[in-house]
Amino acid sequence: MPRRRKATVHGWLILDKPVGLTSTQAVGRIKRIFETGKAGHAGTLDPLASGCLPIALGEATKTVPYVVDGEKVYRFTVRWGAATNTDDSDGEVTETSDARPNLTAIDALLPRYTGVISQIPPKFSAIKVDGARAYDLARDGEVVELAAREVEIDELVRLSDGTDETVFECRCGKGTYVRAIARDMGRDLGCFGHITALRRVSVGPFEEVDMISLESLDEMRHKAETPQVPLAALRPVETALDDIPALAVSRSDAARLANGQPVLLRGRDAPILEGMVYAMLGSRLVALAEAQGIEIVPRRIFHLPETSGVPDVATE
């Protein structure tokens, strides 16, 4: 019996990742649902965390760096009174305290955690140490010493409070470890602390309203008339380029860009541009290009069908 060919699917799927699933496992589930081979995610979420996991399919994988570099929003719960070796509730308790912080102390501390701050990543993280992942070394009982790094936190606010737990929301840049924020706040408050719940609310241009659950995708798949399912759940490839100007090009200029050749923007009303733009032929993304005055030079070429203004499928 001939082997069934995989489909080539292009677009972004914004998964509402459930707790207990790794980001890699989540990508694998999406690949099976869409019966496609080329996929990647924009920013790892721990198994403990839920929420926004943007998954790129097909040509959308070329735009992953633009999403990874985008601003992220997390909502998380810190339990006071205990530190763990993983800085979350999956780890072993290493230190305890009977002290609990009051609201005045918590609110007074928050400004110290905004702006550019120095942060030591958790020992159980994916950072590489001499070629090995820190979490693998930590699980093997090796002493893991990670260097402090600068991260940027635009906003950290308290949403609610109880005797033992406090809920926060954090708006931050790339590379920020929320588990480290909980750990460090607990130490600064003299009571220790660790994450018990973590949800990513948004990544770059993608927000909660864009998310879809695995259960909803499975339901769409079962209702679909063809095996190639829930294409309506996908966002166009160029959605990831929200912060980059779009430039409409002619069919002849699109052909030149697709062949890796620069083009000149002609005419009295030709725009004078600098920096990155993305070139569109109608609703089809053609290339990411660097604008240099009236010349644009292709830096990344996209091989998308003519109708790619909406998600599409082609067989290999």
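The values are calculated or read from the model by the stated rules, or taken from the named source; none is laboratory data. Nothing here was measured: the structure is a model prediction, and the numbers come from that model. When we count neighbours, we look across all protein chains shown, and the Cβ atoms used for this are built from the backbone with ideal geometry, even at glycine. Quick note on the areas: whole protein, heavy atoms, side chains included, nothing else; ligands and nucleic acids left out. Shrake-Rupley method; radii C 1.70, N 1.55, O 1.52, S 1.80 Å.
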Exercise for the section: Test residue 287 against the stated conditions and say whether it is modelled with pLDDT under 90 and either among the hydrophobic types (A, V, I, L, M, F, W, C) or closer than 30 Å to residue 79 by Cβ (or both). Expected result: no
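How many residues are hydrophobic (A, V, I, L, M, F, W, C), open to solvent by 20 Å² or more (accessible area, probe 1.4 Å) and under 14 Å from residue 189 (Cβ atoms) if we restrict to region 75-116? Step through it out loud before you land on a result.
Our first condition is that a residue be hydrophobic (A, V, I, L, M, F, W, C); within region 75-116, this holds for 76, 78, 80, 82-83, 93, 99, 103, 105-106, 108-110, 116.
Now narrow it down to the ones that are open to solvent by 20 Å² or more (accessible area, probe 1.4 Å): 93, 99, 103, 105, 108, 116.
The next check asks that each one be under 14 Å from residue 189 (Cβ atoms); those that pass are 99, 103, 105, 108.
Within region 75-116, residues that are hydrophobic (A, V, I, L, M, F, W, C), open to solvent by 20 Å² or more (accessible area, probe 1.4 Å) and under 14 Å from residue 189 (Cβ atoms) number 4.
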Exercise for the section: Might you let me know whether region 186-193 holds any residue that is part of a helix (DSSP H, G or I), modelled with pLDDT of 95 or more, touching a Leu at 6+ places or on another chain (Cβ under 7 Å) and farther than 24 Å from residue 63 by Cα? Expected result: yes
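Scan region 246-268 for residues that are among the polar types (S, T, N, Q) and either loosely packed, with under 11 Cβ neighbours inside 10 Å or within 23 Å of residue 236 (Cβ to Cβ) (or both) and jot them down.
First, the residues of region 246-268 that are among the polar types (S, T, N, Q): 250, 252, 259, 261.
Selection gives 250, 252, 259.
Please state which one of 215, 208, 225 is over 30 Å from residue 91 (Cβ atoms) and either open to solvent by 40 Å² or more (accessible area, probe 1.4 Å) or modelled with pLDDT under 95 (or both).
Values: 215 fails: over 30 Å from residue 91 (Cβ atoms); 208 fails: over 30 Å from residue 91 (Cβ atoms).
It is 225.
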Exercise for the section: Just name the residue that is modelled with the lowest pLDDT out of those in region 228-245 that are surrounded by 11 or more Cβ atoms within 10 Å (Cβ to Cβ) and in a helix (DSSP H, G or I). Expected result: 231
Fill in the blank from the handout: Scanning region 156-188 residue by residue, those over 18 Å from the mean Cα position of the chain (by Cα) and either under 13 Å from residue 200 (Cα atoms) or of a type in the set (Val, Ile, Thr) (or both) turn out to be 157, 163, 166, 167, 168, 181
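Suppose the filter is part of a strand (DSSP E or B), open to solvent by 60 Å² or more (accessible area, probe 1.4 Å) and closer than 19 Å to residue 68 by Cα; does residue 200 pass it?
On the way: part of a strand (DSSP E or B): yes; open to solvent by 60 Å² or more (accessible area, probe 1.4 Å): no; closer than 19 Å to residue 68 by Cα: yes.
For residue 200, the condition - part of a strand (DSSP E or B), open to solvent by 60 Å² or more (accessible area, probe 1.4 Å) and closer than 19 Å to residue 68 by Cα - is not met.
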Practice task
Looking only at region 117-138, decide whether some residue is assigned to a loop (DSSP other than H, G, I, E, B), surrounded by 15 or more Cβ atoms within 10 Å (Cβ to Cβ) and modelled with pLDDT of 95 or more.
Solution key: no
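Please report, ordered by residue number, the strands (runs of 3 or more DSSP E) entirely within region 55-97 with at least 2 residues that are modelled with pLDDT of 95 or more and aromatic (Phe, Trp, Tyr). Write out each step before concluding.
On the way: elements: 72-80, 82-84, 93-96.
Passing ranges, in order: 72-80.
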Exercise for the section: Say whether the condition of being modelled with pLDDT under 95, touching a strand residue (DSSP E or B) at 6+ places or on another chain (Cβ under 6 Å) and of a type in the set (D, E, K, R) is met by at least one residue in region 32-41. Expected result: yes
